[in-house]
Structure formats: C-alpha cells, structure tokens
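The structure under discussion appears below in the form of structure tokens.
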Amino acid sequence: MELDDLKVAWQRLDRQLNRQNQLNLEVLRDKKLDKTRKTLRPLYWGRIAQILLGIVTIIFAVAVWQRNLDSTALFVSGLIVHAYGIVLIASGGVVIERLTKLDYSAPVLDIQKQILRIERAYVTGSWLSGLPWWLMWIPYSLGLASLAGIDLFGEAKGSGWLIWSVVVGVIGMLLTWLWYRWSTSAVRPERAARVNQSLAGSSLTNARRLLAEIEQFEQEDPLPR
C-alpha cells in the first residue's frame, strides 16, 4: 500500500472513531439528562404540594381573622398565618418556575449553573418556611383553638405559657441560625458541604452528580473541533 493511501485510510479511520465517540457522548448525555429529569420530578411535585399547603393555610388564616375581628391577638395571629401561607406559595412557585425553565439542551456548565440557582431558591425557601416554625406553631394553635370555640389566648395569658413559648421560640431560631453559620463556615469545608447537601435534598444532589458525570466524560473524551 502506498504511503498516501495509508494516510487516507488512517484519516478515514480517525474520522470514524471521532464520529463514534461523538455518538457515544450524545447517547450518554441523553441518558444522564433523562435521569436528571426523573430525579428532579419529586422536587417539582413537592413544591406543588407546598403551594397547595400554602393555599389551605391561607384559607385557614382567613377563617381565623374574619371570626376574630374583635380580638387583636387572634386577628394578628390570623394575619401572621396568612402571611406564612403566602411565603409557602411564593417560595414554592419560584422553584417550580426555575425548574420549568431548565434548558436541558444547553451546555453542561450552563445546566449546572441553572441547577445551582434552583438549589439556592430551594434552600432559601426551606429556611423561610422551616425556621419560623419555632414560633409559627403558636398562632396556628391559637387559630385552631379559636375555630373550635376555645379561648386559648385567654388561658395562655394567665399561665404565662404564651410568653415562655415566644422566648423559647426566639432562642431556638437564634441557636439554629448560629449552628448553621458555624457548620458552614469557610474553615470547615467538608462539614459545610455535608450540611448544604442535606439542605439541598436528594433530588438536587443527584442531579448535580449526574451532570458532573457528563462533564467528566466530556473532559476525558473531548469532541473534535
């Protein structure tokens, strides 16, 4: 075989290998992205459930403050619960909006950035809806009792229960926040990663892992330019 023929054959083989590598990468990318979609579905439906909970919370809150217009404490309790329901709906809606706009056809790096924005919205929403529960159970309890015809607020004033509940709640919120700041400080990167991963939840953690696998495969087998 002539040298020129050998070069042509070698170039043809090289092009075939490049096409095969490209097909392999596309197949792997499609499989991983399909798994990513499925991984994020529980997060999506979880936020739908959160929005429904927010709607139920608002309906409950309206019933409370409408029936207690003559009681400042119970009226304010209803408004607080009403505001909390709005927070539930808004934080859930932000996550859903970002999930629905997630562009799986974009480069992996761009998808990772979108996932990071979703994660930030999710974690922020978790803090806004979770941390206040150190205190939120108080207006909930007062509201439920009022709908049942029980003046829990009047009983609480006499026993000092309400004051101590607020004090314990404020201390609990403060300690929880201080623990988070301590756990996620820059001097504890491994612990910070574990804490943030637990806050992000399994759906987002698995999605980031799948995207990292695609990125690693692309780096190991880069496509021809």
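Under a 5 Å amide H cut-off, with hydrogens placed 1.01 Å from N, residue 131 pairs with nothing among residues at least 5 apart or on other chains.
Based on the Cβ-Cβ distance from residue 193 to residue 83, what FRET efficiency comes out when R0 is 35 Å, to the nearest 0.05? With a Förster radius of 35 Å, E is 0.55. When the range 27-218 is described by a simple charge dipole with +1 on each Lys and Arg Cβ and -1 on each Asp and Glu Cβ, the residue from 56, 93, 79 located farthest towards its positive end is 93. Rounded if a/c is under 1.5, else prolate if a/b beats b/c, else oblate: with a ≥ b ≥ c from the C-alpha gyration tensor eigenvalues square-rooted, which is the range 99-196? Verdict is oblate for the range 99-196.
The distance between label points at residue 110 and residue 35 comes to 2.4 nm (points 7 Å beyond Cα on the Cα→Cβ vector).
Size descriptors for the range 27-218: radius of gyration and Dmax over Cα atoms are 20.9, 69 Å. Would you please give the FRET efficiency between residue 168 and residue 212, computed as 1/(1 + (r/R0)^6) with r the Cβ-Cβ distance and R0 = 45 Å, to the nearest 0.05? It comes to 0.60.
Each residue, residue 90 and residue 56, gets one label point 7 Å from its Cα in the Cβ direction; the gap between the two is 2.3 nm. Summing Cβ point charges (Lys, Arg +1; Asp, Glu -1) relative to the Cα centre of the range 27-218 gives a dipole of roughly 600 debye. Considering only 140, 112, 162, and ranking their Cα positions along the charge dipole of the range 27-218 that arises from unit charges at the beta-carbon of Lys, Arg, Asp and Glu, the one farthest toward the positive end is 112.
A short reminder: the numbers here are calculations on the coordinates, not readings from a lab. Predicted model, so just to flag it, every value in this text is computed and none were measured. Quick reminder, even Gly has a Cβ in these numbers, built from the backbone with ideal geometry, and neighbours come from all protein chains shown.
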